[in-house]
Amino acid sequence: NVIVEGISDHYYFSAFKKLLNRDDRFFFLPACGVQNVPTLVSVLLGWGYNYKAVFDDDQKSGRKVYALLRDRFYERDDDLAHKHIHKLTGCHGIEDIFTREDFVKYVLDSQVKTNNDLKNSELVGDKKELCARLFLEKVNEGHVKLSKKTNEQVESVFTWLSEAFNVGKK
C-alpha cells in the first residue's frame with residue numbers, strides 16, 4: 001500500500017509499475033487531498049497493513065504532508081519518517097519526474113506549446129487528471145517507451161519502495 005497525494009499520482013505510478021514490470025503487490029492509494037492522508041494512514045495502521053507514502057517536494061502539499069505525518073506518526077523523527085515516506089526531490093508535481101521530451105511526447109501529445117521556463121507540473125494546467133489517465137491508457141496499450149533519464153528517475157522511486165517493503169522485482 002503506497003499512499004500518494006492524488007488521483008493523477010495514482011495513474012502515473014500505476015503506469016510506471018507496468019512499464020518497469022514491478023511487483024504487482026504495489027497498490028497506489030490516492031488520498032485525493034493532503035487533508036485525507038492522515039486518515040488513510042490511520043486506517044491502514046488500524047487494519048494492520050504496512051504502508052509507505054510518496055509525495056511531491058512542493059511547499060504547498062508534499063512538504064506539508066511529510067511534516068504532518070512525521071509529527072503525528074513518527075515522533076518528529078526524520079530518520080524514522082524517511083523509512084515510510086519518500087519525497088520526490090525536485091518535483092513540484094508528479095509530472096516533473098518526466099524529462100520535458102517524454103512529457104511532451106507521451107503526456108501532452110505535443111498539443112500544447114511548451115514554455116521552457118515552466119515545469120511539467122505547470123504546463124499540464126487544469127488537465128492534470130485527464131493527462132495522467134490518458135498516459136496510463138497509452139501504457140496499457142503498449143505505446144510508451146520512456147527515455148533512459150525518465151526511467152532512472154522513476155526506477156529510483158521503485159527501488160526505494162522495494163527496499164522499504166523488503167520485496168524484489170516481479
Solvent accessible area, Å² - HIS86, 1.4 Å probe, full protein context: 40
May I have the extent of the alpha carbons of the chain along their three principal axes, as whole Å values ordered from largest to smallest? 46, 35, 23
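Chymotrypsin sites (Phe, Trp or Tyr not before Pro), restricted to the stretch 36-96: which are DSSP loop and have at most 11 other Cβ atoms within 10 Å?
Listed in order of number, the matching sites are TRP47, TYR49.
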Taking every pair of distinct Cα atoms and averaging 1/r, then inverting, what Kirkwood hydrodynamic radius in Å comes out for the stretch 55-94? 10.0
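Obtain the radius of gyration and the Kirkwood radius of the stretch 71-170 from its C-alpha atoms and give Rg over Rh.
Values: Rg = 15.9 Å, Rh = 15.4 Å.
Over the Cα atoms of the stretch 71-170, Rg/Rh equals 1.04.
Find the all-direction average of the projected area of the Cα convex hull for the stretch 43-119, expressing the result in square nanometres with one decimal place.
Working: hull surface 26.9 nm².
Quarter of the Cα hull surface area: 6.7 nm².
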Amide H contacts of PHE28 (H built 1.01 Å from N, under 5 Å, at least 5 apart or other chain): VAL2
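How about the stretch 1-100: which trypsin sites (Lys or Arg not before Pro) there lie in a loop by DSSP and see at most 13 other Cβ atoms within 10 Å? Walk me through the intermediate numbers first.
Details: sites: LYS17, LYS18, ARG22, ARG25, LYS52, LYS60, ARG63, LYS64, ARG70, ARG72, ARG76, LYS83, LYS87, ARG100; in loops: ARG22, ARG25, LYS60, ARG76, LYS83.
Answer in residue order: ARG25, LYS60, ARG76, LYS83.
Counting only protein heavy atoms and using a 1.4 Å probe, what share of the accessible area of the stretch 61-170 belongs to carbon plus sulfur, as a whole percent? It would help to have the intermediate numbers written out before the result.
On the way: 2980 of 6470 Å².
Accessible surface attributable to carbon and sulfur in the stretch 61-170 totals 46 percent.
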Where only alpha carbons of the stretch 1-90 are counted, the Rg and the Dmax (Å): 12.6, 37
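How large is the accessible surface per residue of the stretch 38-170, computed with a 1.4 Å probe and reported in Å² as a whole number?
On the way: 7730 Å² over 133 residues.
Normalised by residue count, the accessible surface of the stretch 38-170 is 58 Å².
How much of the accessible area of the stretch 1-52, in percent, comes from carbon and sulfur atoms when a 1.4 Å probe is used?
Values: 1310 of 2290 Å².
Heavy-atom surface of the stretch 1-52 belonging to carbon and sulfur, 1.4 Å probe: 57 percent.
The values are calculated or read from the model by the stated rules, or taken from the named source; none is laboratory data. What you see is a predicted model; the values in this text were computed from it and never measured. When we count neighbours, we look across all protein chains shown, and the Cβ atoms used for this are built from the backbone with ideal geometry, even at glycine. Each accessible area value is taken on the protein alone, full model and side chains, heavy atoms only, with ligands, DNA and RNA left out. Shrake-Rupley method; radii C 1.70, N 1.55, O 1.52, S 1.80 Å.
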